[in-house]
Amino acid sequence: MRRLTCYALALLTTLQTLGVVLADNTAAPAYVLAPDDVVSVMVVNFPNLSTQATVLPDGTISVPILGSVKASGKTTEELAQYLAREWDRFVVRPSVTVSVTQKRKAAIVVNGFAARLGAIEYRPGMRLSDALAEVGGASPAGDITKVRVTRRSGESQTYDMTDFPRLAGTERDVLLQEGDIIFVPERRTQVSVIGEVIRPGSFDYRDEMTVLDALGLAGGVRESADLHAATIEEDGVERKLDLDALLRKGEMSVNAKLKPGARIMVPEWQNRTYVFGAVARPGFYPYKEGDRILDALNASGLAQNAEMREVRVIRVDKTKGEAVVTRYNLEEFLKDGKMEANAMLSAGDVVFIPDKKRGFQWQDAFAVMSGIGLIDQTIRILTGNRYRY
């Protein structure tokens with residue numbers, strides 16, 4: 001009789017245990033524990049092991065004997081089975097049930113460059129625009145055009161939420177789920193600086209960025225830059241940018257704040273005078289209205305062996321495909337003041353002054369014109385006698 005009584009008590013205990021577990025599973029069959037959940041742990045045959053605990057931010061709870069155990073990510077049944085296995089090392093066949101006595105608040109987490117970060121309470125029917133409105137949208141550094149929503153399953157989707165208050169109910173205004181993570185990325189808009197700068201290219205835009213900031217990122221302007229002809233394009237509108245006034249005269253009113261996506265174009269100086277031959281610094285120089293031969297030669301620095309009586313000015317007419325070579329005796333100007341010997345120049349003229357020992361050679365002019373690319377098919381023009389001398 002005593003043995004039957006023990007069997008009956010054991011059977012009754014088992015049935016009671018199953019009833020509790022089934023009731024718990026029926027109430028929340030798929031509920032997964034997470035931080036801030038409060039759970040009740042019942043051990044029927046060892047009541048001293050029973051406890052109530054809150055799931056901590058690190059996902060653990062504290063229980064007798066075992067101390068800290070992982071609870072986050074488990075269902076109540078999975079946690080009960082885990083505790084029973086672990087306690088079985090210390091007590092005989094513990095019967096464990098776990099129930100949720102207080103659920104955490106359903107939440108959505110907002111990360112990245114939103115105006116306010118952290119968890120917000122989830123409400124059924126909540127949409128992405130609702131969540132963004134609750135956190136104040138993107139911060140000044142946030143990119144509202146690439147808002148990413150990641151589900152608990154790991155599935156992720158990016159949405160353009162520009163002017164999100166007007167998107168309510170549209171395809172882009174996705175319905176949220178409990179546990180979603182909303183990420184607002186950093187705005188990586190760029191500005192471009194192209195043309196005659198040291199390092200042309202695109203650079204990350206930052207707030208309060210100015211023209212000088214952009215030019216500094218591009219390494220500054222080259223000597224070949226036409227500062228008067230620079231332009232800036234913002235919002236599809238192009239306007240003049242007087243870099244000469246900014247860089248040479250210090251007019252800081254030109255150093256305006258840039259808009260995201262701005263494009264600065266610094267063109268090459270087109271009005272040039274080229275000087276080659278017996279000079280110290282051959283190359284090109286900015287042409288100014290009224291420049292004469294001697295102005296160009298002074299800019300380049302004459303060599304001691306320069307033949308002043310055999311200066312050539314080469315002028316190319318691209319429309320006619322014709323090169324005009326004119327000889328000038330600059331000594332007539334220096335000694336006698338004959339102005340016609342110090343002729344006026346035009347933009348694009350090439351001044352060539354030969355060496356006294358070598359004198360003027362056609363191949364010299366030919367090499368100069370080919371080297372600087374003044375005209376197409378230079379060989380054909382010169383060898384075809386389409387020049388005047």
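The values are calculated or read from the model by the stated rules, or taken from the named source; none is laboratory data. This structure is a prediction, so every number in the text was calculated from the model and none was measured. In this analysis, Cβ positions are derived from the backbone assuming ideal geometry, glycine residues included, and neighbour counts consider all displayed protein chains.
Filter region 141-166 down to the residues that are acidic (Asp, Glu) and either in contact (Cβ under 8 Å) with a residue 40 or more places away in the chain or surrounded by 13 or more Cβ atoms within 10 Å (Cβ to Cβ) (or both) and list them by number.
Passing the criteria: ASP143, ASP160.
State whether the residues of region 172-188 include one that is under 14 Å from LYS259 (Cβ atoms), touching a residue at least 12 places away in the same chain (Cβ under 8 Å) and outside any helix (DSSP H, G or I).
yes
Can you name the strands (runs of 3 or more DSSP E) wholly within region 211-274 that have at least 1 residues being surrounded by 14 or more Cβ atoms within 10 Å (Cβ to Cβ)?
231-234, 263-266
Within region 24-33, can one find any residue that is outside any helix (DSSP H, G or I), at pLDDT 85 or above and either touching a strand residue (DSSP E or B) at 6+ places or on another chain (Cβ under 7 Å) or over 14 Å from THR97 (Cα atoms) (or both)?
So far as region 24-33 goes, yes, one or more of its residues are outside any helix (DSSP H, G or I), at pLDDT 85 or above and either touching a strand residue (DSSP E or B) at 6+ places or on another chain (Cβ under 7 Å) or over 14 Å from THR97 (Cα atoms) (or both).
Filtering region 45-71 down to residues that are part of a loop (DSSP other than H, G, I, E, B) and within 25 Å of GLY118 (Cβ to Cβ), which residue is modelled with the lowest pLDDT?
Only one residue fits best here, namely PRO57.
Being part of a helix (DSSP H, G or I) and not small (Gly, Ala, Ser) is the filter; apply it to region 275-308 and report the residue that is surrounded by the fewest Cβ atoms within 10 Å (Cβ to Cβ).
So the residue we want is ASN298.
Restricting region 189-208 to residues that are touching a Lys or Arg at 6+ places or on another chain (Cβ under 7 Å) and not in a strand (DSSP E or B), which is modelled with the highest pLDDT?
ILE198
THR162 passes all but one of (1) in a loop (DSSP other than H, G, I, E, B); (2) under 23 Å from the mean Cα position of the chain (by Cα); (3) closer than 30 Å to TRP269 by Cα; which number fails?
Against the list (1) in a loop (DSSP other than H, G, I, E, B); (2) under 23 Å from the mean Cα position of the chain (by Cα); (3) closer than 30 Å to TRP269 by Cα, THR162 comes up short only on (3).
Say we look at region 67-91 and pick out the residues that are of a type in the set (Gly, Ala, Ser) and surrounded by fewer than 15 Cβ atoms within 10 Å (Cβ to Cβ); which of these is nearest to the chain's Cα centre (by Cα)?
Looking at residues that are of a type in the set (Gly, Ala, Ser) and surrounded by fewer than 15 Cβ atoms within 10 Å (Cβ to Cβ), I get GLY73.
Scanning for something assigned to a helix (DSSP H, G or I), at negative phi and either more than 47 Å from the chain's Cα centre (by Cα) or hydrophobic (A, V, I, L, M, F, W, C) (or both), does region 309-320 turn up at least one residue?
Within region 309-320, one or more residues are assigned to a helix (DSSP H, G or I), at negative phi and either more than 47 Å from the chain's Cα centre (by Cα) or hydrophobic (A, V, I, L, M, F, W, C) (or both).
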